[in-house]
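Below is one structure, written out as structure tokens, with a few remarks after it.
The values are calculated or read from the model by the stated rules, or taken from the named source; none is laboratory data. From a predicted model like this one, the values you see are computed outputs, not experimental measurements. Note that each Cβ is placed from the backbone with ideal geometry, even for glycine, and that neighbours are counted across all protein chains shown. We work out accessible area using only protein heavy atoms, side chains counted, and drop any ligands, DNA or RNA first. Shrake-Rupley method; radii C 1.70, N 1.55, O 1.52, S 1.80 Å.
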Amino acid sequence: MKSLHQIFFNFARIVCAIAGLCIAFTSFAKDISLDTGWEYALGDSEFDSSGVPFWTQKDSSAQWVPIDFPADPPAQNDFENVWFRITLPDVSLRDPVFFASSIDLLAEAYLDGERIYKHGQFNQDGSGKFAGWPWHKIILPEDFSGKALYFRVFSDYHKIGFWGEVKLSERVDVLQQIVAESSQGLVVAGITLFIALMAAVFATFKGQRRQFLSVCFFSLAAAGLVLGDIPVMKLVWDKPLFWNYVGAYAYFLLPIPMFMLLAEWLSKANLEVRHFEWLWKFHLIFLVFAGMGSLSGVVGISQLYPIFDGIFIVTLLLLVGSVMFVFNQVRFEQKILILAYFGFCAVMLLDMFVAHGWVSWSSVPVSSGALLFSVAIIGLSFNHYFFTQRRLAKLNISLESEVNERTEQLTVMAEKERLRSVGLLFQQQKLEIAGDIVLALESCHTLEQGLDKIGNSIAELCQPFSGTFSIVNSDDWQDIQCWGRNIEMPTSGVTVIEHAIFDHEQGFFPFKIVNQQGLVRHVALLQVKVTEENSCYPVDQFMPLLQRAVEKISITLANIALREELQRFSYEDVLTNLKNRRFFTEVLEYEIASSERNKEPLSLLICDIDHFKKFNDTYGHPAGDEALKTLAGLLSRFFRQADIVCRLGGEEFIVIMPRAKGGDCLQRAEQLKHAVENTKIEYEGELLDSLTISIGIASWPELSVDPKQLFQQADLALYKAKESGRNCIRMSKLN
């Protein structure tokens, strides 16, 4: 579980870093398509004693033939090795990379005879095992212009060479593209996983278990298919073959729950569905043999795709023929299910055609088709859930519209600044300073740190004009930085400034952040004044430039505030406002190390509400939530300020008590137990039954030899308290 948390944490950090870099360097983004100018040579090159391929050297014996695109040479025949080369164009890039959407199957890249990139492991005979279908980002040296870039490719797949997009670009632009192309897939994966969870819950507690299990399996398969195909997952964990296995097995699994669902729905219309059961069982057999064969190395995962595609097309035709005979006999909602299924199959077929090269390359929205089918199923099963999904979809569209609008505004602003900076040395210098401030803010973790960095740098941005930088402090202004002369502190009335106000003499520029709910918050104010000494500077051009710089900095501050808020939420339990299990795990490690270092005692107290399931069954889950919040409030008030109260999950709570001995902890536990017994829980004006708790205590060093075992020992003590009849306290024993 800890490694899984670390993966998601790394993923969040990568996305935030990439987003910041994309904002800072949008004005330098360039893409140079490399769809032409390629040549190929069939076979494989030999290598000299230094490991340099002969075909990359001048006057080599290779027969280079022009080709429109570096894939599937026309005279390939039985060759499984091919070399491609291209002369890189003379362009200027800040951080150049060669980007390719995919390569079938293994590849090495050479520049100046030196290998600069490798995907997969080549054997001595030039072959190798399938290593996955990732996107490729090849870092180029600064002097790449005009040089020949060579690619050594091996493939025993039905295709060989590049697939999709091939271009030169900035590294940050490639990362921005990867994140942008993955955004929809991440949303779809999250929604389908949520649907799978809901279906599993309803399959456990409701009727129609087979139908809900089919929905659960389909949603899991759809989520796996999407996750295996999202480019950004390579940044989360650089194991392309693993993600390809996830996507492949999910791809092979998809028809099974779909056929089961159709059989379930059509059987309710008193229609014959035995052939549907035969179809999903046939696909299940294929999935089992495919998994055994690929994992044992008998067959490559890449070789299974064409086989599955052929099987799927045949079974789909049989399905279409069968459904057409009974389409008019089924109900309206069943027709919707059938049409949604056929729509998803159409998307899958289009993706097959693109993968096999039967149609030109394009991005096929397989994830959208999977989402459409999943939502259709849930909508037909639960009308209220379908209504919720529609509201979420509208909210998502609205958020995407706002993001696009903000992005367009930033793009237009950056373009104007780039054009204006040409020939205006003064403005260029100020733009560079503003950019440095934005970059410096990317390392800030809190809004307070960001405002401090701005206060240290804002004078350099505004000079030679006089100015004052002030921040909001308890509904008043606090002077942080003042330079020049003839500047007065802002009055309280300045807080009503909503937009920048400036003329040829002075200007007021508010720093505002807008949260996700659209609420505006003023955090700082910049006041600039022109004096006679600096009237020769381009004031009319500088004031609008300063306004745009403040807006950019404000957007970055908003991102910092959002990250700060998300960081806080990641450590808090939403229901009780206590710290969660993740926070407990990290703090416990720190407290153990601190106690060992300082030779101070450390105690843990775990409590669990007795018969909480019965309480929920009697009064309902909302009343149970109210009971949890009541107990959380009691725990927050009951313990010392140095004690740390966390909710482990469900009805279980834990308290870390630094510098507390076992006896002190026991005394506090007794008081807590009696306080809980005497606490009345009120819900909707009604007093409910009082609750009792069972408590387990572990303490180091008096009750434990190893402080790292405190949690296990406290949990064992809690288990003994429950075995002893509940509503009691048990302490761990020193082994």
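Please say if the range 117-163 is rounded, prolate or oblate, where rounded means a/c under 1.5 for a ≥ b ≥ c the square roots of the C-alpha gyration tensor eigenvalues, and otherwise the choice is prolate for a/b larger than b/c and oblate otherwise? Prolate is the answer for the range 117-163, as a/c is 1.5 or above and a/b outweighs b/c.
Each peptide in 215-222, 669-676, 78-85, 124-131 receives the mean, over its residues, of other Cβ atoms within 10 Å, and ordering these scores from highest gives 215-222, 78-85, 669-676, 124-131.
Of the residues Ile307, Ile437, the one with the largest accessible area comes first in the ranking Ile307, Ile437, computed with a 1.4 Å probe on protein heavy atoms. Mind running the shape call on the range 578-735? Use the C-alpha gyration tensor, a ≥ b ≥ c as the square roots of the eigenvalues: rounded below 1.5 for a/c, prolate if a/b tops b/c, oblate otherwise. It comes out prolate by the Cα gyration axes.
Once both labels are positioned 7 Å from their Cα atoms along Cα-to-Cβ, the gap between Tyr590 and Glu505 label points is 5.3 nm. At full extension, Ser145 and Ser50 could sit 31.7 nm farther apart than now, given 0.36 nm per residue minus the alpha carbon distance. Note on exposure: Thr679, Thr36, Thr576, Thr407 ranked by accessible area (1.4 Å probe, complete protein assembly) read Thr36, Thr407, Thr679, Thr576, with the most exposed listed first. Of the whole protein surface, Arg726 contributes about 90 Å² of accessible area at a 1.4 Å probe radius. Taking every protein chain into account, the 1.4 Å probe leaves Thr585 with about 60 Å² of accessible area, to the nearest ten.
Cross-link partners for Lys167 among the lysines, with Cα-Cα distance under 22 Å and sequence neighbours closer than 8 places in the same chain left out: Lys30, Lys118, Lys137, Lys147, Lys159, Lys234.
Within the accessible surface of the range 640-695, defined with a 1.4 Å probe on protein heavy atoms only, the carbon and sulfur portion equals 42 percent. Applying 1/(1 + (r/R0)^6) with R0 = 45 Å to the Cβ-Cβ distance of Asp78 and Val403 gives a FRET efficiency near 0.35.
Give me the net charge of Trp243's neighbourhood, meaning all other residues with Cβ under 14 Å from the Cβ of Trp243; Lys, Arg count +1, Asp, Glu -1. Value of the local net charge: 0.
I need the shape label for the range 75-134. Rule: rounded when a/c is under 1.5, else prolate if a/b > b/c, else oblate, with a, b, c from the alpha carbon gyration tensor. Note, shape of the range 75-134 comes out prolate.
Between Thr446 and Asp664, full extension at 0.36 nm per residue minus the direct alpha carbon distance yields a gain of 74.7 nm. For the range 700-709, backbone phi angles converted through the Karplus equation (6.51, -1.76, 1.60; θ = phi - 60°) give residue-by-residue couplings of 10, x, 6, 10, 8, 7, 10, x, 6, 9 Hz, Gly and Pro being listed as x. Here the range 652-706 and the range 294-318 have alpha carbon centers that stand 58 Å from each other. Less than 5 angstrom separates the built amide H of Lys579 from those of Asp573, Arg647, all sequence-distant by 5 or more or on a different chain. Cross-link check: pairs Lys613/Lys673; Lys629/Lys708; Lys613/Lys680 evaluated at a Cα-Cα cut-off of 22 Å; pairs beyond the cut-off: Lys629/Lys708.
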